[in-house]
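Since the structure comes first, as structure tokens, the remarks are kept for the end.
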Amino acid sequence: MIHLKTREEIDRIKESAGILNRAHGEVAKRVEPGVKTEVLDKIAEEYIRDNGGMPSFKGYQGFPASLCISVNENVVHGFPSKYELKDGDIISIDCGVFYNGFHSDCAYTYPIGKVSDEVLSLLIATRASLYEGISFARQGNRIGDIGYTIQQYAEERGYTVVRELVGHGVGKNLHESPEVPNYGKRGRGPKLKAGMVLAIEPMINLGQRNIVQESDGWTIRTKDRLPSAHFEHTVAITETGDAEILTSHQFIEEVFKF
Ligand code: MG
Ligand code: MG
């Protein structure tokens, strides 16, 4: 069952995203070499709670934190920890907010200090692949058009796409139907309709696409231990034209440029 949201419901998701976007911005101010990733988690949780929201991830199926923090070869679902970021790392920060009955979901991958050109190119391409995918999130297209576009964009540049983890519908629940794979075939999958709200979230690897789960039961990493990047927006399908991007990386990119 794909729940189509009313305008009012989309506006409520947008309010939730308003808190989320600024929480990301607060975290971005502290993303630098030497910072412990658990410090970033505290910043996000405090900001979200101070503004009347709840961190969507904390307690979700037992997840222990407000942020998923995934460094280098970790793809998604890593835990904040006492690990100190160091020059040359990359860090994916994924956050969700629940506010006034609705979730929003957004992720960004940062380079720490000076990273190799190869890794920087991976981040730039993954971020661009997200917007390429979003450009096909239009009424009348199908879910497969989004995934096809992301996959083409990544693979043309020599990268690989994680298959086992996918984007998803967002609403009263953090994860709703439909699944939104970052690979696929044109013209396949559920038809996109106005009122669908989707988290689109390419996870793109420098090496092979294969992943494994760490023994903590959560952290997903690349099997070959090469870096992986992850960017995510929550978007609404509109009656006409482009999707409305409900989350924003604006507050991140105002303080952290690459
Ligand atoms: Mg997310
Ligand atoms: Mg998500």
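No value in this document is a laboratory result; all are computed from the given coordinates. Being a predicted model, the structure only gives us computed values, none of them experimental. Positions of Cβ are generated from backbone atoms using ideal geometry, with glycine treated the same way; all protein chains shown enter the neighbour counts.
L123 meets each of the listed conditions (1) in a strand (DSSP E or B); (2) away from ligand 1 (no atom under 16 Å from the Cβ); (3) crowded, with 21+ Cβ neighbours inside 10 Å apart from (1).
State which residue is farthest from ligand 2 (Cβ to nearest atom) when the search covers only the range 156-170 and only residues that are buried (at least 20 other Cβ atoms within 10 Å of the Cβ) and assigned to a loop (DSSP other than H, G, I, E, B). Among them, the one singled out is Y159. Scanning the range 146-177 for residues that are in contact with a helix residue (DSSP H, G or I) (Cβ under 6 Å, 6 or more places away or on another chain) and in contact (Cβ under 8 Å) with a residue 24 or more places away in the chain yields a count of 6.
Residue by residue, here is whether (1) within 16 Å of ligand 2 (Cβ to nearest atom); (2) outside any loop (DSSP other than H, G, I, E, B) holds:
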site	(1), (2)
G144	no, yes
I150	yes, yes
K172	yes, no
N182	yes, no
G189	no, no
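Restricting attention to the range 221-234, which residues are more than 13 Å from ligand 1 (Cβ to nearest atom), among the hydrophobic types (A, V, I, L, M, F, W, C) and within 29 Å of A17 (Cα to Cα)? Within the range 221-234, just A229 meets the criteria.
For V170, the criteria (1) farther than 19 Å from L4 by Cα; (2) out of contact with any Pro (no Cβ under 9 Å at 6 or more places or on another chain) hold in every case but one, which is (1).
Hey, among T234, T219, T240, T247, which residue is among the β-branched types (V, I, T) and over 17 Å from the mean Cα position of the chain (by Cα)? After applying the criteria, what remains is T240. Filter the range 81-107 down to the residues that are closer than 22 Å to T234 by Cβ, buried (at least 21 other Cβ atoms within 10 Å of the Cβ) and more than 11 Å from the chain's Cα centre (by Cα), then identify the one that is nearest to ligand 2 (Cβ to nearest atom). Restricting to residues being closer than 22 Å to T234 by Cβ, buried (at least 21 other Cβ atoms within 10 Å of the Cβ) and more than 11 Å from the chain's Cα centre (by Cα), the top hit is H103. Residue count for the range 160-185 satisfying the condition of being away from ligand 1 (no atom under 15 Å from the Cβ) and within 18 Å of D242 (Cα to Cα): 0.
Counting only residues that are within 22 Å of N72 (Cβ to Cβ), in contact with a strand residue (DSSP E or B) (Cβ under 9 Å, 6 or more places away or on another chain) and not basic (K, R), the range 125-164 holds 12 of them. The range 191-249 holds strands (runs of 3 or more DSSP E) entirely within its bounds, and those carrying 1 or more residues that are within 14 Å of ligand 2 (Cβ to nearest atom) and surrounded by 15 or more Cβ atoms within 10 Å (Cβ to Cβ) map to 197-200, 203-205, 220-222, 228-230, 233-236. Tell me, please, whether a residue that is touching a residue at least 60 places away in the same chain (Cβ under 8 Å) and of a type in the set (S, T, Y) can be found in the range 60-72. Yes; the residues of the range 60-72 include at least one that is touching a residue at least 60 places away in the same chain (Cβ under 8 Å) and of a type in the set (S, T, Y).
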